[in-house]
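Read the structure below first, then the notes.
None of the figures in this text is laboratory data; all of them are computed from the coordinates on show. Computed from a predicted structure; not experimentally measured. Note that each Cβ is placed from the backbone with ideal geometry, even for glycine, and that neighbours are counted across all protein chains shown.
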Amino acid sequence: MAEQAGPFHLLQGGPRRFLCYCRPGPAETVYVTDALEVWAGELGARPPLGCRCLPEEHDTKLREALGRGTAELSLSEGKATLQPREGAWCSALELFKLPGAEARSQLQALVFGMAGRVESLERRLEAMETLASSGSPAKNAVRSQQLLLPDPSPRKNRSADSALPAKRRIPGESLINPGFKR
């Protein structure tokens with residue numbers, strides 16, 4: 001299964017709105033979409049010519065601008081440029097328009113990934129509401145923290161541990177003191 005996309009950032013490009021997100025992998029890829037077309041570029045790629053900053057600085061400046069909401073997107077034929085509004089031209093990232101089939105695949109992965117996250121959040125919210133309507137506030141606080149944190153146990157199926165395996169009874173064994181014959 002592909003890595004989860006995120007974090008998500010909304011961008012304004014003239015009158016149009018765009019969604020910008022990253023997908024981790026061997027090379028972290030930045031995607032920008034208007035839900036019809038998709039542009040992509042790799043972080044860690046070589047900075048533009050004439051730029052004296054390291055690739056890590058280049059990526060950091062761009063990530064910070066995205067996080068603050070100060071990134072700017074400019075579109076041209078077949079490509080786009082993503083850069084901080086402050087005009088740090090060396091922090092610009094070239095994005096190239098994906099072919100139709102690849103764009104559809106990316107949009108499909110994005111939509112179903114987001115739907116999975118929404119479903120998970122709805123289940124957590126429902127569990128929190130159930131807890132809030134019953135029990136003491138002190139116990140609810142502890143339980144709600146446990147719901148928000150991921151399950152640290154390595155078990156794959158948590159429901160399987162609810163039914164403890166029954167110990168097999170040996171004929172003639174004492175019910176009161178198991179392990180001893182009558």
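For the reader, a short list of remarks on this structure follows.
- Listed by Cβ neighbour count within 10 Å, with the fewest neighbours leading, Phe8, Phe112 appear as Phe112, Phe8.
- Cβ crowding within 10 Å averaged over residues, with 116-126, 23-33 ranked highest first: 23-33, 116-126
- Here the Karplus relation 6.51 cos²θ - 1.76 cosθ + 1.60, evaluated at θ = phi - 60°, turns the backbone of the stretch 26-42 into coupling constants of x, 10, 5, 10, 9, 10, 10, 9, 10, 6, 10, 10, 10, 10, 9, x, 9 Hz, with x for every Gly and Pro.
- Close amide-amide hydrogen proximity is noted between Gly13 and Phe18, each under 5 Å apart and 5 or more residues distant or on a separate chain (H modeled in the peptide plane; Pro and chain starts excluded).
- 3J(HN,Hα) couplings calculated from phi for the stretch 117-128 with the Karplus curve 6.51 cos²θ - 1.76 cosθ + 1.60 (θ = phi - 60°) are, in sequence order, 5, 4, 4, 4, 5, 5, 5, 5, 5, 4, 5, 5 Hz; Gly and Pro show x.
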